[in-house]
Amino acid sequence: MERLIIGAKYLGLGCLLAVLGCKATPPSAATQAADEAAVRQTDEDWSKAAQSKQVDPWVAFYADDAVLLPPNDPKATGKDNIRKEIGLLLGLPGLALSWKPDKVEVSRSGDLAYTQGTYELSATDAHGKAMTDHGKTLEIWRKQADGSWKCIEDMWSSNLPAPPTA
């Protein structure tokens, strides 16, 4: 009987160690590639939605708790604040804006991804003068419960030199 009790203790300990030592299986290469393609396509669809110059189709690509880090402005947190910032951007006269991801990388866990890319922007400034800008983007994406991807952090910055200070 004593051997049975000792054997059961070791069996229980062995099972506990096996459970604690198990790690989640990383996504397969096919799943990783599919996630990367989905993020890339979602980002491209987002750029196309920006062409509508309507705030809500643009903002729909953000998670509810997203953070926007626009150049030369304070950060905007949450969809309501992001909606205001995007509304100001889309209100620029003669706005033409597009971006594309150059690099997409998905985490090993498959729940987060980031993109690095480039953007092109042209508009008319407050004095009626045409202006153009181009630069880089960095976006962080989170996979949603339904398998779709939403942007949780969005940042862009110009490649042009900063204007001289007065």
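What follows draws every value from the coordinates through simple rules; no lab data is involved. In this text, all values refer to a predicted model and were calculated from it rather than measured experimentally. Neighbour counts are summed over all protein chains in view; Cβ atoms, including those assigned to glycine, are modelled from backbone coordinates with ideal geometry.
The table that follows gives values for the structure above.
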quantity: Contour excess over end-to-end distance, with Cα ends at Q116 and A34 and 0.36 nm allotted per residue; calculated: 27.7 nm
quantity: Cβ-Cβ FRET estimate between K48 and D125, R0 fixed at 25 Å, reported to 0.05; calculated: 0.50
quantity: Residues of type lysines that K84 reaches as a straight line, Cα spacing below 26 Å, ignoring anything fewer than 8 places off in the same chain; calculated: K48, K53, K75, K100, K129, K136, K143, K150
quantity: Selection from I86, T118, P161, by position along the positive dipole direction of the range 77-166 (Cβ); calculated: I86
quantity: Restricting the range 24-113 to chymotrypsin sites (Phe, Trp or Tyr not before Pro) in coil, as DSSP defines it, with at most 15 other Cβ within 10 Å; calculated: none
quantity: Restricting the range 46-151 to trypsin sites (Lys or Arg not before Pro) in coil, as DSSP defines it, with at most 15 other Cβ within 10 Å; calculated: K53, K75, R108, K129
